[in-house]
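Structure, as structure tokens:
Read-outs: derived from the displayed coordinates by stated rules, not from any lab. These numbers were taken from a predicted model, which means no experiment stands behind them. Glycine also receives a Cβ, built like all others from the backbone with ideal geometry; neighbour counts cover every protein chain displayed.
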Amino acid sequence: MIIKIDFQSDEALYMQLRNQIILGIANSSIQEGDALPSVRQLAEDIGINMHTVNKAYSVLRQEGFVSIDRRRGAVISLDADKLKALEEMKKNLRVVLARGRCKNITCQEVHQLVDEIFSEYEKQEEQ
């Protein structure tokens, strides 16, 4: 698993880490049942505070992407509740689409972006 953290970004480090793990799941580089590195190990590997990694793992657990196992630590465990996931996506998309609308991005351009991103995931699954 390759984690890319941008220390110059305005985005919080724990959110960057969370997003990188979600992207890893989406592109199949991280699979259901895979154990993530320990908090201490990941913090050391990418040069961030252990509390930052712990916060990212906690958010991922709350969002249904990981479960915490006493022996294995944080394990990828996807929430099977698709309706809940769709509602969460809808909530997040409202803001993203509103921002795009303010910048005169058209519905067609949004559809093209979505198709492009999904095709990237499909290509990665085939590999």
Subset tally (residues that are more than 28 Å from Val114 (Cα to Cα) and touching a residue at least 24 places away in the same chain (Cβ under 8 Å)) for region 50-68: 3
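Which is over 20 Å from Ile3 (Cα atoms) and touching a helix residue (DSSP H, G or I) at 6+ places or on another chain (Cβ under 9 Å), of Ile105, Ile76?
Answer to the check: Ile105.
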